[in-house]
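Report on the following structure.
The values are calculated or read from the model by the stated rules, or taken from the named source; none is laboratory data. All of these numbers come straight from a predicted model, not from anything done at the bench. Here the Cβ positions follow ideal geometry from the backbone for every residue, glycine too, while neighbour counts run over all protein chains shown. Accessible surface areas use protein heavy atoms only, side chains included; no ligands, DNA or RNA. Shrake-Rupley method; radii C 1.70, N 1.55, O 1.52, S 1.80 Å.
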Amino acid sequence: FSFRKLWAFTGPGFLMSIAYLDPGNIESDLQSGAVAGFKLLWVLMLATIIGLLLQRLAARLGVVTGLHLAEVCNRQYQKVPRIILWLMVELAIIGSDMQEVIGSAIAINLLSVGKIPLWGGVLITIADTFVFLFLDKYGLRKLEAFFGFLITIMALTFGYEYITVKPDQEKLLQGLFIPYCQNCGTPQLEQAVGIVGAVIMPHNMYLHSALVKSRQVNRANKREVREANKYFFIESCIALFVSFIINIFVVTVFAEAFFEKTNADVSTVCMNASSPHSSLFPSNNETLKVDIYKGGVVLGCYFGPAALYIWAIGILAAGQSSTMTGTYSGQFVMEGFLNLRWSRFARVLLTRSIAITPTLLVAIFQDVEHLTGMNDFLNVLMSLQLPFALIPVLTFTSLPSVMNDFANGL
């Protein structure tokens, strides 16, 4: 084992792990904490472990064959299934892009104390296109460093919330390692399914299998291939462990502070804190329902304005970073399935336009609850798209004709 070699292979796994930290994930985390307390932490852990195993297979496919998943699909499948697969993956990418636009717009609205309306935040996210293209000129290694910086911001911001709220550590460990859900009903079951859909992103398999190609590996030398597989797996373990810890921060903060709280409880605290957002919570005894927007507001009411702004910075970092990985995924998928090589500028402009249009309409004509409510629908969409990525990954990595001596044999 060599730390120098591990450093050389470090990068693709952290870019891949961004999909485990996008605004859709954060929303799923906070809702599961508010709805089920600590009881669904074990679902989050199992989903992350399954995600790691699938990412390992995707990375191995890229290392062994020198082709990413979309390219292998292009070679192995007939025209009709190939086009169906491409359309399904594009749908998943657009859905993910919409979540990132929603998260960024809400973060901008919170940071500006409501002075920038939601539709204004949606329009500002168009600038992501130019940020991405600017960074891309400086090479993948510098882009990987920038992603590392954004992940650090998320760890610090959500870590601050965790330290401020001080969740019960005994309940945290019990929720992680004892698979139970006492007194759970339909809302808790829905959150459990939502966690799986938010954590395991279908287009992430295509992304990871392509990113590992950025490292030079002599595929004629089995020892080098085996070594590359080892270091990419170690890096993926570290990256997903970091993302898992950040997800735990969010779930436990809302489990500790807002589980079984009513609208009236929160409304009283917000009015006492002179929050400008008090009107969001009617004075009734219905159980509190939170989303990315309300989550920031209630943190501000209970723990001071700093908690609100730090939360918004974390959401903004999540939205910005996942925007760029979604762009990369779209590029690889389009090139692999269609042999169509567009400029990154054209590619980003197309997917961003498709994602922004419905989001902008909702932001203009509806309120923030309808905007954040779209995230729940989009998480379900991700769950429905999963088979279109999992079946090719599991199939190809088990075929000796594709993987040679590195087929998994299952």
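Output the residues belonging to the range 89-116 that are open to solvent by 50 Å² or more (accessible area, probe 1.4 Å), in a loop (DSSP other than H, G, I, E, B) and either modelled with pLDDT of 85 or more or under 22 Å from Phe146 (Cβ atoms) (or both). Answer for the range 89-116, where residues must be open to solvent by 50 Å² or more (accessible area, probe 1.4 Å), in a loop (DSSP other than H, G, I, E, B) and either modelled with pLDDT of 85 or more or under 22 Å from Phe146 (Cβ atoms) (or both): Lys115, Ile116.
Could we say that Pro305 is at pLDDT below 85, more than 18 Å from Leu21 (Cβ to Cβ) and surrounded by fewer than 18 Cβ atoms within 10 Å (Cβ to Cβ) here? For Pro305, the condition - at pLDDT below 85, more than 18 Å from Leu21 (Cβ to Cβ) and surrounded by fewer than 18 Cβ atoms within 10 Å (Cβ to Cβ) - is not met. Exactly one residue out of Arg341, Arg352, Arg347 is assigned to a helix (DSSP H, G or I), surrounded by fewer than 23 Cβ atoms within 10 Å (Cβ to Cβ) and modelled with pLDDT under 80: that is Arg347.
Of the helices (runs of 4 or more DSSP H) contained entirely in the range 117-197, those carrying at least 3 residues that are more than 30 Å from Ile364 (Cβ to Cβ) fall at 140-165, 169-177. Against the definition (open to solvent by 10 Å² or more (accessible area, probe 1.4 Å) and within 30 Å of Tyr77 (Cα to Cα)), how does Phe332 come out, yes or no? Here the answer is yes, as Phe332 does meet what is asked. Looking across the range 4-35 at every residue that is outside any helix (DSSP H, G or I) and open to solvent by less than 10 Å² (accessible area, probe 1.4 Å), the one that is farthest from Val380 (Cα to Cα) is identified as Gly11.
If you go through the range 210-245 and keep only what is touching a Gly at 6+ places or on another chain (Cβ under 8 Å) and either open to solvent by 70 Å² or more (accessible area, probe 1.4 Å) or acidic (Asp, Glu) (or both), you end up with Arg219, Glu235, Ile238.
On inspection, Val253 fails the criterion of being closer than 26 Å to Ala36 by Cβ, modelled with pLDDT of 90 or more and either open to solvent by 40 Å² or more (accessible area, probe 1.4 Å) or over 27 Å from the mean Cα position of the chain (by Cα) (or both).
Could you say whether any residue in the range 278-300 is open to solvent by 10 Å² or more (accessible area, probe 1.4 Å) and under 30 Å from Leu87 (Cβ atoms)? Within the range 278-300, one or more residues are open to solvent by 10 Å² or more (accessible area, probe 1.4 Å) and under 30 Å from Leu87 (Cβ atoms). Taking (1) of a type in the set (A, V, I, L, M); (2) touching a Phe, Trp or Tyr at 6+ places or on another chain (Cβ under 8 Å); (3) not in a helix (DSSP H, G or I) in turn, Ala220 satisfies each apart from (2). Considering Phe38, Phe1, the condition of being open to solvent by 10 Å² or more (accessible area, probe 1.4 Å), closer than 30 Å to Thr262 by Cβ and not in a helix (DSSP H, G or I) is satisfied by Phe38 alone. Scanning for something in contact (Cβ under 8 Å) with a residue 40 or more places away in the chain and not polar (S, T, N, Q), does the range 262-275 turn up at least one residue? Scanning the range 262-275, I find no residue that is in contact (Cβ under 8 Å) with a residue 40 or more places away in the chain and not polar (S, T, N, Q), so the answer is no. Within the range 1-26, residues that are without any contact (Cβ under 8 Å) to a residue 40 or more places away in the chain have Cβ atoms under 7 Å from residues that are in a helix (DSSP H, G or I) and open to solvent by 10 Å² or more (accessible area, probe 1.4 Å) in no pair, counting only partners at least 6 apart in sequence or on another chain. Out of the residues in the range 368-410 that are of a type in the set (Ser, Thr, Tyr) and assigned to a helix (DSSP H, G or I), state the one that is modelled with the highest pLDDT. Among them, the one singled out is Thr395. Do we find that Ala58 is within 30 Å of Val362 (Cβ to Cβ), outside any loop (DSSP other than H, G, I, E, B) and either free of Cβ contacts under 8 Å to residues at least 60 places away in the same chain or out of contact with any Asp or Glu (no Cβ under 8 Å at 6 or more places or on another chain) (or both) in this structure? No; evaluated as a whole, the condition is false for this residue.
Taking residues in the range 356-367 that are part of a helix (DSSP H, G or I), and partners anywhere that are modelled with pLDDT under 75 and open to solvent by less than 80 Å² (accessible area, probe 1.4 Å), the pairs with Cβ atoms closer than 6 Å and at least 6 places apart or on different chains are Val362/Leu371; Ala363/Leu371. Got at least one residue in the range 50-73 being within 19 Å of Gly24 (Cβ to Cβ), surrounded by fewer than 19 Cβ atoms within 10 Å (Cβ to Cβ) and under 16 Å from the mean Cα position of the chain (by Cα)? Yes, that holds for at least one residue.
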